[in-house]
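K.L.:
First the structure, which I've put down as structure tokens, then a few questions once you've had a look.
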Amino acid sequence: MQTHFIELTNDKKNWGKFLLIRFDNEYEYKSQITNNSLLREVGWNPRNIIIFDLQTGEGARFTPPGCAKADLEKHQIWVCPMFEPFLNWLYEQNVTKLTELPSMLNIPSAEFAISGYRRPGPKKDGEVARH
């Protein structure tokens with residue numbers, strides 16, 4: 001398993017703290033039921049990265065490249081204000097080796113916010129949007 005910590009700031013206004021995880025040898029584990037790779041059986045692939053927001057304690061599986069806004073709406077996890085700017089940045093990087101990514105980033109253009117949020121997620125059929 002590969003792991004890597006990345007901290008992110010927007011000129012020291014907000015501070016994001018993230019843990020990135022990617023399975024490697026774990027793909028060799030065989031399901032006791034199917035005798036196939038358990039991770040592959042449930043839809044994982046080597047491009048997947050688990051990203052934990054260390055401040056909120058929540059995370060999800062992401063597959064770079066992608067659309068940060070749509071992915072956060074899909075997962076509906078509680079995130080700090082820096083998660084979306086971080087995910088946008090990550091989706092533009094070569095993520096082949098997580099440990100080659102920087103441990104500290106400054107994205108001055110990231111909007112300041114007082115607190116984190118949980119996206120409401122996509123509307124279901126017949127549901128009215130809440131604001």
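Values in this text are rule-based calculations from the coordinates and carry no lab data. In this text the structure is predicted, and so the values were computed from the model without any measurement.
K.L.:
So what is the 222 nm mean residue ellipticity for the chain from helices alone, if each DSSP H run of at least 4 adds -39500 (n - 2.57) and you divide by all residues, rounding to the nearest 500 deg cm²/dmol?
P.N.:
Working: 3 runs with 20 residues, N = 131.
After summing the helix terms and dividing by the residues of the chain, the value is -3500 deg cm²/dmol.
K.L.:
Still on this structure: Provide, in order from the shortest bin, the percent of all Cα-Cα pairs of the stretch 1-74 in each 10 Å bin, continuing until the bin that contains the maximum pair distance.
P.N.:
17, 40, 30, 10, 3, 0
K.L.:
Computed on alpha carbon atoms, what radius of gyration and Dmax characterise the chain, expressed in Å?
P.N.:
Answer for the chain, Rg first and Dmax second: 16.3, 51 Å.
K.L.:
Express in nm, to one decimal, how much length is gained between Thr99 and Glu26 on full extension, taking 0.36 nm for each residue of separation and deducting their alpha carbon distance.
P.N.:
Details: separation 73, 0.36 × 73 = 26.28 nm, distance 1.79 nm.
Residue separation times 0.36 nm, minus the Cα-Cα distance, leaves 24.5 nm.
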